[in-house]
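The values are calculated or read from the model by the stated rules, or taken from the named source; none is laboratory data. Here the structure is a predicted model, which means the values were calculated and not measured. Cβ placement follows ideal geometry from the backbone for every residue including glycine, while neighbour counts extend to all protein chains displayed. For accessibility, only protein heavy atoms count, side chains too; no ligands or nucleic acids. Shrake-Rupley method; radii C 1.70, N 1.55, O 1.52, S 1.80 Å.
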Amino acid sequence: MEPVESAAATTEPMTAGMVSEFVYKHSTGETVGRFLAGLKEQKRIWGQRVAGTGVAVPPVGYSEADGSPAGEWVAVSPRGTVTAVARVFQPIAGLHPTDLPFAFVLVKLEGADTGLAHIVVDDLEKLFVGSRVEAVWKSDDERVGSIRDIAHFRVIG
């Protein structure tokens, strides 16, 4: 019997150059949709009262402590206290929300019991855990129903 040559040794690899795109629209659902509509249409930040947490901002529609449905909607202040800071000195284009140095922050807004993640772009040398900040809104014609309708937070006081 003669040796059989392997097909892998004599066959060229197959390649195909292509770009696949998966274009879709994401539904925010009732809870997040109402939160985002408040940002766009009212320039208001809304939270929801939930068991085991208090007022959650942004709202998720249920208690993360026990899974029970969320309750009353509560308008919270656009001002609050920074509870965490992560500075970015060299932003990466296309990855970060600005090309200037900035900081990711968690802000516990007045009237809320949880932190809202966002950014601070000015006065970074004055920014630390415990700093007081307030929301800076995009103009009426720029708001689209996104967390980015709050352009950033700025240090106050």
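Find the accessible area per residue for the range 88-130; the probe is 1.4 Å, ligands and nucleic acids are left out, and the unit is Å².
Heavy-atom accessible area per residue stands at 59 Å².
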Item to check | trypsin sites (Lys or Arg not before Pro) within the range 11-112: DSSP coil, no more than 11 neighbouring Cβ in 10 Å | outcome: LYS25
Item to check | Given charges at Cβ of Lys, Arg, Asp, Glu: the chain dipole, positive-most of SER20, PHE104, SER131 | outcome: SER131
Checklist entry - Mean 1/r over all different Cα pairs, inverted: what Kirkwood radius does the range 51-93 give, in Å? => result 13.3 Å
Checklist entry - Rounded to the nearest 0.05, what FRET efficiency do GLU72 and SER27 have when you use their Cβ-Cβ distance and R0 = 35 Å? => result 0.90
Checklist entry - PRE reach from LEU95 (point 7 Å along Cα→Cβ): which of the range 16-43 fall under 20 Å by backbone N? => result none
Checklist entry - Which of the chymotrypsin sites (Phe, Trp or Tyr not before Pro) found in the range 14-120 are in a DSSP loop and have at most 11 neighbouring Cβ atoms, other than their own, within 10 Å? => result PHE22, TYR24, PHE89
Checklist entry - Sorted from largest down, what three extents in whole angstroms do the Cα atoms of the range 85-128 have along their principal axes? => result 34, 23, 13
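Normalized C-alpha radius of gyration of the range 26-87, against 2.2 N^0.38 Å?
Compactness ratio reported: 1.19.
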Checklist outcome for this item: the chain: longest segment with zero exposed GluC sites (Glu not before Pro), where exposed means DSSP loop plus at most 16 other C-beta atoms within 10 Å, is residues 22-63
Next on the checklist: At 20 °C and a viscosity of 1.002 mPa s, what translational diffusion coefficient does Stokes-Einstein give for the range 21-157, taking Rh as the Kirkwood radius over Cα pairs? Give it in µm²/s as a whole number.
Outcome noted: 136 µm²/s
Checklist entry - Got a number for carbon plus sulfur as a percent of the chain's accessible area, 1.4 Å probe? => result 54 percent
Checklist outcome for this item: Loop-resident chymotrypsin sites (Phe, Trp or Tyr not before Pro) in the range 108-157 with no more than 15 other Cβ atoms inside 10 Å, DSSP not H/G/I/E/B, are PHE128
Checklist entry - Taking only DSSP H segments of four or more residues, each worth -39500 (n - 2.57), what value at 222 nm results for the chain once the sum is divided by all its residues, to the nearest 500 deg cm²/dmol? => result -2000 deg cm²/dmol
